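Have a look at the structure below before the remarks.
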Amino acid sequence: MKNSEEPPNPAPTPSHIKHALDRNSGETMEGQQHIEADALLDAKQVKALLRCSLPFVYKLAERGQIACIRIPCQTLGTRKKELVRFKREDVTGFIEAHYRKV
């Protein structure tokens, strides 16, 4: 007999966030590519979730209002370049922290 344990289920996502994540998790509306729950989001995907501008997403990351991962990239020039990625749970946490019921 094998001892098989199932991994614990993650905490449920509130419906207002789940709807936004489902609607905006792919690159295009037709032939939408779904992202795994633990995959990293790029700034454009966060922009779509928050429905804001791309510079605003980068400002939130720079200010530390949304946690992000900065991945250094090699470039040919002298300018330092980094990829900025976000954990889905950090974005949903930001939404939850700023969500206000009317």
Order by neighbour count: ASP90, ASP42, fewest other Cβ atoms within 10 Å first, most last. ASP42, ASP90
Taking θ = phi - 60°, what integer Hz values does the Karplus form 6.51 cos²θ - 1.76 cosθ + 1.60 yield along segment 77-89, in sequence order, with x for Gly and Pro? x, 8, 6, 6, 10, 9, 7, 10, 10, 10, 7, 4, 5
Per-residue Cβ neighbour rank within 10 angstrom, fewest leading, GLU82, GLU89: GLU82, GLU89
Rounded to one decimal in nm, the spacing of the 7 Å Cα→Cβ label points at GLU96 and LYS44 is 2.9 nm
Structure shown: which of LYS59/LYS81; LYS44/LYS80; LYS59/LYS87; LYS59/LYS101 lie over 18 Å apart, alpha-carbon to alpha-carbon? LYS44/LYS80; LYS59/LYS101
Most exposed to least, judged by fewest other Cβ atoms within 10 Å, LYS59, LYS101 sort to LYS101, LYS59
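Readers should treat all values here as calculations from the given coordinates under stated rules, not as data from a laboratory. For clarity, every value in this text was computed on a predicted model and none was experimentally measured. Every residue, glycine as well, gets a Cβ built from its backbone with ideal geometry; the counts of neighbours run over all protein chains shown.
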